1. Which of the three applies to segment 153-267, rounded, prolate or oblate, going by the alpha-carbon gyration tensor with a ≥ b ≥ c and a/c under 1.5 meaning rounded?
2. For segment 52-143, which chymotrypsin sites (Phe, Trp or Tyr not before Pro) pass both filters: DSSP loop (anything but H, G, I, E, B) and at most 16 other C-beta atoms within 10 Å?
3. Cα-based Rg of segment 124-164 per 2.2 N^0.38 Å, rounded to two decimals?
4. Would you mind pulling out the separation of the Cα centroids of segment 317-359 and segment 193-255, in Å?
5. Fewest Cβ neighbours within 10 Å first, please rank 189, 238, 279 accordingly.
6. Given the convex hull over the Cα atoms of segment 21-120, what projected area results after averaging over all orientations, in nm²?
7. For segment 1-90, run through the GluC sites (Glu not before Pro) and keep only the ones in DSSP coil with at most 12 other Cβ atoms within 10 Å of their Cβ.
Amino acid sequence: MYQALYRKWRPRTFDDVVGQGHITETLKRQVAAGRLSHAYLFTGTRGTGKTTCAKILARAVNCENPQEGNPCNACPSCLGIENGSILDVLELDAASNNGVDQVRALRDEAVYTPAAVRKRVYIVDEVHMLSTAAFNALLKILEEPPPHLLFILATTELHKVPATIKSRCQQFAFKRILPTQIAQRLEYVAEQEGIPLTEEGAALLARLADGGMRDALSLLDQCAGGQDSLDEQAILDVLGLAGNVETAALMGQLAARDTAGALSTLARLYAGGRDVGSVLGELSSLARDLLLRKTAPLGGAALMTGGYDEAALRGLGEQLSAQRLLQMLTLLQDASAGLARSANRRTDAELCLIRLSDEGLDESFAGLSARIARIEERLARGIPAAPKKPETERGGTAPAPAPKDDTPPWEEERPPLPEEPPEEPDYVFDEPAPVPEPPAPPKPPAPKPV
């Protein structure tokens, strides 16, 4: 029967665990010296080796022939624990056994001595899923455990574990595995399995795994389907991703504010089976690399994903300012978070690209900062000259307009006012004309004296 690669190639000794040397060496020394704690708490992201190290530790403490802290994997105890026939080593999933009744039953069983091995081991995975009452029930036996008992707790969310539990355990933090270490492991597994994995393909799978070895092996298992050569392009086609070349080209169109070109590229990728969420995620990773390169040019090289060549990063970095990269990264993160509850993922992705192409459409504070940075950049280079007027019909250029005077409008010279017309006599037409008086009768002559 076929077995998944991540199960088939699960490490069986501490030396096989990749990328967690700071933990495996400590555990080996404790097993070899017999200085074991009664409770361990393994924390870290998924696929980094928490459950694997717990199972190796359970075999190592009960191994009949330990080899420098590692289990021999050949004695009856190791074989019985590995195939599950020895019930003294029990693995529990706290997500499905998170009630107080299950923890009380476990506590009642833990007091009995083991039947087949030296120590009774309980591996509690995803311990943060336990209820408050279950944690309280577990607290007493963690505080005063019997000498034959060993608890190994594993969680991906340490902040949900009560402080009273953490203080009673030895805590080990599993870190993300480096892409180079994942790529080396993938090449070894591919060689043993007869998978034609190229070096570029292994590097791509290591970047996509995001620090988890289990995710990397699962992706390799998914892509290894009768391919003649499992190179980078074949992996992108199988997983439905855009790829670094397409992502860099799309970022260049956004930097040039080519909205039509960016939408056409997204439509082509969507028609080719690419997921719009993965396209926005790759754009977000590229914007992050460009921002780190611009803000931390010396120490940021170790923080970048390493999926893009130097020429592409340099060309895009010259076109984008730090303010605009911050605005683009904020928009991409918000759009990616909203795709999970979107009614139309493609429309939301297109709206995101439109806002990325023109920061004037972004009304957030980051968009305002990007617009101000663009204005400052143009002022630093000098304001461009005004466009020239079209040539006249004679073939010459139109005369330049006279420079405007800064004289206030109330002090400008104005044309003289027209002269006032002469005054006309007043004519009264409503009153009747005066009637001339009749002449007086002549006076009689005076009488003559006698």
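Quick note: the coordinates plus some simple rules give every number you see, no bench work behind them. None of the values given here were measured: they were computed from a predicted structure. When we count neighbours, we look across all protein chains shown, and the Cβ atoms used for this are built from the backbone with ideal geometry, even at glycine.
1. Here segment 153-267 falls in the oblate category.
2. 112
3. Against the compact-globule rule of thumb, the ratio is 1.17.
4. 24
5. Ascending number of Cβ neighbours within 10 Å: 238, 189, 279.
6. Average projection, Cα convex hull of segment 21-120: 7.1 nm².
7. Those satisfying the criteria are 68.
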